[in-house]
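The values are calculated or read from the model by the stated rules, or taken from the named source; none is laboratory data. Values in this document were obtained by computation on a predicted structure and should not be read as measured data. With ideal geometry, Cβ positions are generated from the backbone for all residues, glycine too; neighbour counts draw on all protein chains shown. These accessible areas exclude ligands, DNA and RNA; they are computed on the full protein's heavy atoms, side chains included. Shrake-Rupley method; radii C 1.70, N 1.55, O 1.52, S 1.80 Å.
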Amino acid sequence: MPSTRSYLIVWAELVALATITLFASRALGGGWGLIVAAAIAVAKAALVVTRFMHLTRERPALRLVFAIAVGFVAILVLGVLADVGARDAASAYVDELGRP
Amino acid sequence: MSLAPQYDSLARQHATARLGMWVFLGSEVLLFAGLFALYAAYRFTYPAEFHAAAGHANLAIGTINTYVLLTSSLTMALAIHATRNGQRRRTVAFLLATIALGLAFDALKAVEYAEHLAEGLAPGRAYAFAALPAHGVALYVTLYYLMTGLHALHVTGGVVLLAWLAWRAQRGDFTPESHLTLELGGLYWHLVDLVWIFLWPLLYLIG
């Protein structure tokens, strides 16, 4: 069973990561700032899920349920990005009405 | 919690309830995922417009609210920890602290909305912000209201849930051996924090 101290340490880590995100995004800006901020957000989310929600101590079936939901989010977001990212290439083959 | 007839033991009943809760949390994640996908598409299409629009977000309030919610996750975890140690008054105190932080979050959000609406930073066709043309920017603003609004509804629902849990804790419903309802409520509250962990950089830090 985790102690009060261990919960305080997780909180301090989360606060530190949030502060790093703030300064990194100010320093980098633009696309890279967003990528770094998103990566740190994933690390913070992992901390909350494992240390506050104790998902790692749950049965495998239960971890699988949440992992699949997260996997679906990745598929959805990456699929959408691949689509909008390929629009320029697609427009070389079709006109405004979508005809070849 | 008493044993329902279809289960052999309380342990098995609790395991089933926890699985149900995580399936629910998974569906909540997917609900927000739709909005995150929309955000990704429009951010990719209008990077300069999103950058300019996010520059008008209230970074100070957004950042304070990030620390508020992170701290509320700590007090929630400590409330459950206190129950495990059989400390009823500490449990109630930490739950009340979590409620106070949730209300503080909502109050700051309301200040932010009022400020934006007064400036004309309104969603959809109501957009009337003089400093930036609507093209692309209105998409950011509309998504801002949709994403933070849906999240704020979750915070508010969570506060109501926490108030009910605090009342039950006060009544002595939760023991070190049996406090499943409190645990599930805690999982919900942590999810609300989890969503904000992503909303903050996407809506406030890209400006």
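Could you tell me how many degrees, from 0 to 90 and to the nearest 10, lie between the Cα long axis of helix B:180-204 and the main elongation axis, the longest principal axis, of the Cα atoms of chain B?
20
So what does residue B:173 come to for accessible area, using a 1.4 Å probe and Å² rounded to 10?
The value for residue B:173 is about 50 Å².
Taking the 0 to 90 degree range and rounding to the nearest ten, how far is the long axis of helix A:30-47 tilted relative to the main principal axis of chain A, both from C-alpha atoms?
Rounded to the nearest ten degrees, it is 40.
Place a +1 charge on the Cβ of each Lys and Arg in the protein assembly as shown and a -1 charge on the Cβ of each Asp and Glu, then give the dipole magnitude about the Cα centre in debye, rounded to the nearest 20.
Dipole of the protein assembly as shown, to the nearest 20 debye: 1000 debye.
I need the Debye-formula profile for the protein assembly as shown: one equal scatterer per C-alpha, no solvent, reported as log10 I(q)/I(0) at q = 0.12, 0.14 1/Å, two decimals.
For the protein assembly as shown at q = 0.12, 0.14 Å⁻¹, log10 I(q)/I(0) is -0.84, -1.09.
Show that you can apply the helix-only estimate: for the protein assembly as shown, add -39,500 (n - 2.57) for every DSSP H stretch of four or more residues, divide by all residues, and state [θ] at 222 nm to the nearest 500.
For the protein assembly as shown, the value works out to -27000 deg cm²/dmol.
Please compute, for peptide B:194-207, the average count of beta-carbon atoms on other protein chains lying within 10 Å of each residue's beta-carbon. Walk me through the numbers on the way to the answer.
Working: counts 7, 1, 1, 12, 7, 1, 7, 15, 4, 0, 3, 13, 7, 4.
Other-chain Cβ atoms within 10 Å of each residue's Cβ, averaged: 6.
Name the residue farthest towards the positive end of the dipole of the protein assembly as shown from the options B:27, A:81, B:164, assuming +1 on Cβ of Lys and Arg, -1 on Cβ of Asp and Glu, about the Cα centre.
Checking the options against the dipole of the protein assembly as shown, the answer is B:164.
Per-residue Cβ counts within 10 Å, from other chains only, averaged over B:78-88: what number is that?
Mean shielding count: 2.
Rg (Å, one decimal) plus Dmax (Å, integer) for the alpha carbons of the range B:1-134?
Every Cα atom of the range B:1-134 included, Rg and Dmax give 21.3, 66 Å.
For the Cα atoms of chain A, what angle does the longest principal axis make with the long axis of helix A:4-28, in degrees from 0 to 90, nearest 10?
Around 30 degrees separate the two axes.
Return the value, in Å² to the nearest 100, of accessible area buried between chains A and B (probe 1.4 Å, both sides summed).
Answer for the A-B pair: about 3800 Å² buried.
Charges at C-beta only: +1 for Lys and Arg, -1 for Asp and Glu. How large is the resulting dipole of chain B about its Cα centre, in Debye rounded to 20?
The dipole magnitude comes to about 480 debye.
Evaluate peptide B:185-191: per residue, the Cβ atoms of other protein chains within 10 Å of its Cβ; return the mean as an integer.
Details: counts 0, 3, 5, 0, 2, 7, 3.
Taking the mean over all residues of the peptide, I get 3.
Could you point to the residue in B:194, B:99, B:117 farthest towards the positive end of the range B:95-207's charge dipole, with +1 and -1 charges on the Cβ of Lys/Arg and Asp/Glu respectively?
About the Cα centre, the residue reaching furthest to the positive side is B:117.
Tell me, how many Å apart are the Cα centres for the range B:172-207 and for the range A:1-80?
If we compute the Cα centre of each part, the gap is 13 Å.
Do you know the relative contact order of the range B:76-134, to the nearest whole percent, from alpha carbon pairs under 8 angstrom that are 6+ apart?
17
Give me the percent of the accessible area of the range B:94-176 that comes from carbon and sulfur atoms, probe 1.4 Å, all protein chains in place.
Here carbon and sulfur together make up 73 percent of the probe-accessible area.
Sort B:143-156, B:63-76 by the packing proxy (mean of other Cβ within 10 Å over each peptide's residues), most packed first.
B:63-76, B:143-156
When only Cα pairs under 8 Å and 6 or more residues apart are kept, what is the percent relative contact order across chain B?
Contact order relative to length: 33 percent.
So what are the radius of gyration and Dmax for the Cα set of the range B:98-207, in Å?
17.9, 59
So for the protein assembly as shown, taking the charge dipole from beta-carbon charges (+1 Lys/Arg, -1 Asp/Glu), which of B:175, A:56, A:28 sits furthest toward the positive end?
Final value for the positive-end residue is B:175.
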